[in-house]
Every structure is written in C-alpha cells, then in structure tokens.
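Here's the structure, in structure tokens; my notes come after.
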Amino acid sequence: MKARALATLSVLALTAAFATQPALSQTGAGTTMSYDLSTRQFDVSSAGEYVGDLHLTITPDGIVSGRFINSDAQVTPVVGGLTGKKIWLEIGGFGRLGHNHFTGTFADGKLEATAPAGGLHVWNLEGKPITH
C-alpha cells in the first residue's frame, strides 16, 4: 500500500513539473511539419563543398528528425531540436563528413547553421526550400 502511494505521488509530481514547462517550439497549431531543403555544407578555409537534400520533420514540441541525402545518394540520419527560430542538428555517422553538431537558425524554410570542425575550421550549412 505504501509503495502504491509513493508511486502515485511520484507520477503526480512529474506531471506537475512537465505541466509548468514552457513550450519548446512554435511550429504551428499543434501540427507536425515537414520540410525538404536543398543544402550545401562548406568550410570557407577549405576548397569544395557537399551538396544534398535535407528532409526534416519537426513535431509541435520541437523534436527534429530526418535524413540528409548527399549527391552520391548516401543517406545520413539527422536528429535535433527547435526552439523558436533556434535549431540544433546532429548530422551524420562516421562517413566522409563525420558527425557534426550544427547550431543556427531555421525560419520560413531557410536554414543557416555552423559546426566546429577542429582548429580554425568551421562547417557552414545553408538550406533553402526545394521547389518541386
């Protein structure tokens, strides 16, 4: 009986704690949004760039998931979060691009973010909506 009462109190405390948390994102009126972006990743101190398509799904609570498909049709998982216009994305495993943690802004379907790449190098990520 005592264990049941403690479990009930724990559930009530957690419910109250989550109820007082502010909303993480403003992605719409409670709807999950999907975006298809044409992207390029580059480092201004190095030659070349990686281009591809970024497909994102953003839930009303700001959870970002998706995939990046590069020009060689290699698919890389993407996870992240969105708070207002601020976004963070984890892109990649351990392929050519490695694993990058991007932070930046995402508004009106346009993405601008950066990720440290070691030393003075910084990856830039730019994305704009794909027009079908």
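Order of Phe106, Phe42 from fewest to most other C-beta atoms within 10 Å?
On the way: Phe106 24, Phe42 16.
Exposure proxy ranking, most exposed first: Phe42, Phe106.
Straight Cα distances below 16 angstrom link Lys85 to the aspartates and glutamates Asp61, Asp108, Glu112, Glu126, with same-chain residues fewer than 8 positions distant left out. Spacing of the modelled spin labels on Asp72 and Lys86, each 7 Å from Cα toward Cβ, amounts to 3.5 nm.
With each label modelled as a point 7 angstrom along the Cα→C-beta vector, the His121-Arg40 pair spans 1.9 nm. For the range 24-129, averaging the sequence separation of C-alpha pairs within contact (under 8 Å, six or more residues apart) and dividing by the residue count gives a relative contact order of 24 percent.
For the range 116-128, the Karplus equation 6.51 cos²θ - 1.76 cosθ + 1.60, evaluated at θ = phi - 60°, returns couplings of x, 10, x, x, 8, 7, 9, 7, 10, 10, 10, x, 9 Hz by residue, with Gly and Pro reported as x.
The numbers here are math on the coordinates, done by the rules we state, and not lab data. Quick caveat: nothing in here was measured; it's all calculated off a predicted structure. Counting neighbours? That spans all protein chains shown, and the Cβs are built from the backbone with ideal geometry, glycine included.
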